[in-house]
Amino acid sequence: MAEPRHRYSTVSLILHWLIAALVVTQIGLIAGHELTEGPMSREFIGAHKSVGLSILVLTLARLGWRIANPALPLPEAMPRWEKLLARGTHVLFYVFLIAMPLVGWAASSAAGRDIVWFGLFQWPLLPVGGGREMAGNLMDVHELAGKLLIALVILHVAGALKHHFITRDNVLHRMLPFIRRRP
Ligand code: HEM
Ligand code: HEM
């Protein structure tokens, strides 16, 4: 029988931590947008859109990788409800990290606002009509999803820390291999 893997593949690790850093960046960019005014504030939104669309592309790539390379099994000692909670959170991350940028993109498209990816090229707009009213409705969805995503991140990080400091297993090690593996 093949030796069980002790950690996620390098591609999975890079995608996990890169996307996590970009999600945190998104919250920072929104805070920057809210704390400033005028052209500076618009710069923050421009960057928020570019980072958001990058998250969409990276998450789709990650989903493809994940389908080709299934996740490691969770520890056998973990109760069933905890496994369901952990896996449910992971599935919801994929759903949110695909749906949120799509909704933001659709809102910008409905409002006819150009998207220029990091000032480099014009990102195509989606064929969404409805003008500012539709854009407003889509932004309400985007805002609610943002709150739910933050709640998911808190739950996920709490779970990771619980594994490391309370259950004292190797779940955090396999996503953060420079942490020493427990025997
Ligand atoms: C916005 C931030 C984050 C997002 C969106 C995120 C998303 C995810 C997703 C989707 C998975 C499932 C991997 C897969 O099977 O595809 C995962 C696994 C994992 N994440 Fe995160 N993560 C974030 C931040 C963090 C942080 C800060 C920690 C540590 C404190 C962490 C620790 C872990 C661990 C240990 C696993 C592995 C669980 C397992 O072995 O099955 N994550 N994360
Ligand atoms: C995973 C990717 C994304 C995340 C996590 C995210 C998150 C957020 C959050 C938390 C807010 C603040 C909502 C509020 O409380 O008012 C926001 C606002 C906004 N987002 Fe995103 N977003 C993402 C992608 C995008 C994309 C791709 C676009 C457009 C192409 C976009 C456009 C906007 C706009 C226009 C606002 C409103 C800013 C304002 O005027 O207050 N977002 N986003």
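Structure above, values below:
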quantity	calculated
Dipole axis of the chain (+1 Lys, Arg; -1 Asp, Glu on Cβ), positive-most option in 131, 110, 96	96
0 to 90° range, to nearest 10: angle between helix 10-35 axis and the chain longest Cα axis	40
Normalised contact order of the chain, rounded percent, pairs of Cα under 8 Å and 6 or more residues apart	21
Charge sum, other residues only, whose C-beta stays under 15 Å from residue 106's C-beta, Lys/Arg counted +1 and Asp/Glu -1	-1
Range of Cα positions in the stretch 77-183 per principal axis (Å), largest first	58, 32, 16
Fully extended contour minus Cα-Cα distance, from residue 150 to residue 166, at 0.36 nm per residue	3.4 nm
Computed log₁₀ I(q)/I(0) - Debye formula, equal Cα scatterers, no solvent, the stretch 1-67, q 0.25 Å⁻¹	-1.01
Helix 131-162 axis, angle to the chain major axis (alpha carbon atoms, nearest 10°)	20
Only Lys, Arg (+1) and Asp, Glu (-1) charged, at Cβ; the chain dipole about Cα centre in debye	900
Distance from the stretch 106-183 to the stretch 45-70 (C-alpha centre basis), Å	9
Debye intensity ratio in log₁₀ form over the Cα atoms of the chain, taken at each q of 0.12 Å⁻¹	-0.67
Equivalent ellipsoid, the stretch 46-97 (semi-axes from 5 times Cα gyration tensor eigenvalues, Å)	28, 13, 7
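Read-outs: derived from the displayed coordinates by stated rules, not from any lab. Every value quoted in this text rests on a predicted model; they were computed, and no experiment measured them. Virtual Cβ from ideal backbone geometry, glycine too; neighbours counted across all protein chains shown.
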